[in-house]
Every structure is written in structure tokens, then in C-alpha cells.
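Each remark here refers to the structure printed beneath this line.
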Amino acid sequence: MIVKDELLSKLRRYFALNLYEVKIWTALLSRGVSTAGELSDIANVPRSRSYDILESLEKKGFVVMKIGKPIKYIAVPPKEIVERVKKNVRMESDDRIKRLEELKNTEVINELNGLHSTGIELVEPSELSGSLKGRHNLYNHMELTIRNAEESVTIITTTQGLMRKIEGLKPVLEQVKKRGVKVKICAPLTKETIAAVKDLGTIAEVRHTDTKARFLIVDRKEIMFMISDDQEVHPTYDVGIWVNTPFFANALEELFELAWKEMKPAKQVLKL
């Protein structure tokens, strides 16, 4: 039996299995019912490991051990495997979320916050900076920065970036808006962005700009800017720089305000 490395790689990623597990599993799928020794030969896996691997697959619900001698194993249909894995992932996720929620009300989190506060006091503001790689990490840090906003959030982004931010940052923008934080967003507005602008509703004031830029300013203190055009870089290679710099952030906000006055409101541009 020959299974392409590409398929084995995908199976490992989708089902969180190791290489020997996917080899034995696919070998069993090709036979339906088989012994550990037969599967070892077919999958080119050491016999000394085959029983441990099959025991692991059995615990995960991928195979069923057939009663009798010699011991044989039966493959569970792949569609059923997908449902089982989904169920297990959901249960594990719910359990982790529950434990993390419980952690909020314990002394552990208070001690961690105390350690962080003490450490931050010893750090020079100029040292509070960093580089983030990957769009997922960028959005996680944007969310953190925005969540701590007290007065203002200013975002300038691209057309596609606007639609992504509505999907990823809307909940946190709603939170800060309820606290009275002013949210301003500008981007090149097109017909593609109509739904996104409507979705923002009263959360943020949106205006049109022809300028191509990607940055975030929070409370005139923190800046986060992306160094590449999002149309020319793969999401995993997108890079952003975060800096805690009240002096420069305030100056950049002042320049933005001058440009903001000349920008047309979204309703006027999109005729909403």
C-alpha cells in the first residue's frame, strides 16, 4: 500500500496523530480488518511499535479490537471518525474554557497580575515595544491593545483589512465603545465594504481615504503598524511593530486628525 506523504501530512494535522499512527490507520482502512503484524508490514512500521500504536488508536476511537485469536482490528468509517474527533475537540475546548474562567476568581491570577505590575514599573517606556509575525498574532495583540483603551482608538486600514477587522475586532470595539471610547476608522471604501460599514453601526465613525496604510493608535500612547501591503504578503508572513511611545503616538494622532477632517464620511461615499 502506498499513501502519499502529502496525505499523511494532512491527516496528522487534521486528526492530531503522529506519523506511525496515520500509517497504521491508513493501512487498516485499506484492509478493513487486519492483525497488528500485517499492518506493521503494510505500513512499514516496526512490529515492536504496532501494538502500542493500535492501542493508542483504539483509545482515540479510530479502531475497534476484534475478539478472538489472533487479535485483529477493525477500521471505524472515516465519517464517524470526523464526528468523534469534533466531539472530543469540543469537549476538550469547553473543559479548558471552564478551567480558565474559574482561574479568574482565584489567588493565582491575582499573584500573576501582581508580578506583571511590579515588572512593568521597572521597565522604561521605550523598552515596551516588539515585533509580531503572522496575522493571527497581529490581531490578538490588536485586540489586547484596544481592550485597554480609555479614550480613543484610531484605525487606518485597507479595503480588505476593514472587512477582516469587523469580523475579528467587532466584539472588543463594542466593549470599549460602551465605556465611552471614541473609535475612528478610515479605509478605501468600495461596494465590497458596504456590509462591513453597516455592521459597524454606531460602534465607530468610518470615513473614506485613498491613502494605503495600516496602523492603530490607542489613547495617543500606543502605536501598532504593519510594514507590508496586505495584498502582497501571505497572512503567515505579515509583520507588525508595536510601540508604547506617547510622544510619537500623540504627534501621529495630530497628523491623522488633520487628514480626518478632509475625509468624506462613509454614508456620503457609499450613499447609505
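Just so it is clear, none of the values below were taken in a lab; they were calculated from the coordinates. From a predicted model like this one, the values you see are computed outputs, not experimental measurements. Note that each Cβ is placed from the backbone with ideal geometry, even for glycine, and that neighbours are counted across all protein chains shown.
Treat each spin label as a single point 7 Å out from the Cα along the C-beta direction, and report the Ile71 to Lys267 distance in nm.
Distance between label points: 7.2 nm.
Rounded to the nearest 5, what % of DSSP beta bridges with both residues in the chain are antiparallel?
Once the DSSP bridges in the chain are tallied, antiparallel ones form about 75 percent.
Quote the relative contact order of segment 5-76 in percent (integer), defining contacts as alpha-carbon pairs under 8 Å separated by 6+ residues.
Normalised by residue count, the contact order of segment 5-76 is 29 percent.
Where is the GNM fluctuation largest for the chain (alpha-carbon springs, 10 angstrom cutoff): Gly134, Gly32, Gly114?
Comparing Gly134, Gly32, Gly114 in the GNM, the peak value goes to Gly32.
Take the residue pairs Lys10/Lys184; Lys87/Lys133; Lys79/Lys170; Lys4/Lys79; Lys98/Lys212 and return only those whose Cα atoms are more than 30 Å apart.
Checking Cα-Cα distances, Lys10/Lys184; Lys87/Lys133; Lys79/Lys170; Lys98/Lys212 exceed 30 Å.
Give me the aspartates and glutamates in straight-line cross-link reach of Lys267: C-alpha distance below 18 Å, same-chain residues under 8 apart excluded.
Partners within reach: Glu192, Asp199, Glu205, Asp210.
Sorted by packing (mean other beta-carbon atoms within 10 Å per residue), highest first, where do 68-74, 215-221 land?
Averaged packing, sorted descending, gives the order 215-221, 68-74.
Taking only Cα atoms and a 10 Å spring cutoff, compute GNM fluctuations for the chain and point out the largest among Asn244, Asn18, Asn105.
Per the Cα network of the chain with a 10 Å cutoff, Asn18 tops the list.
Compute the FRET efficiency between Arg49 and Asp94 as 1/(1 + (r/R0)^6), taking r as their Cβ-Cβ distance and R0 = 30 Å, and round to the nearest 0.05.
My answer for the efficiency is 0.35.
Highest GNM mean-square fluctuation, the chain, Cα pairs closer than 10 Å: which of Ile24, Ile223, Ile109?
Largest GNM mean-square fluctuation: Ile24.
If you take the beta carbon distance between Tyr237 and Lys59 as r and set R0 to 30 Å, what does 1/(1 + (r/R0)^6) give as a FRET efficiency, to the nearest 0.05?
Between Tyr237 and Lys59 the formula returns 0.20.
Can you tell me how much longer the chain between Ser9 and Arg179 gets when fully stretched, taken as 0.36 nm per residue apart minus their C-alpha distance, in nm with one decimal?
56.5 nm
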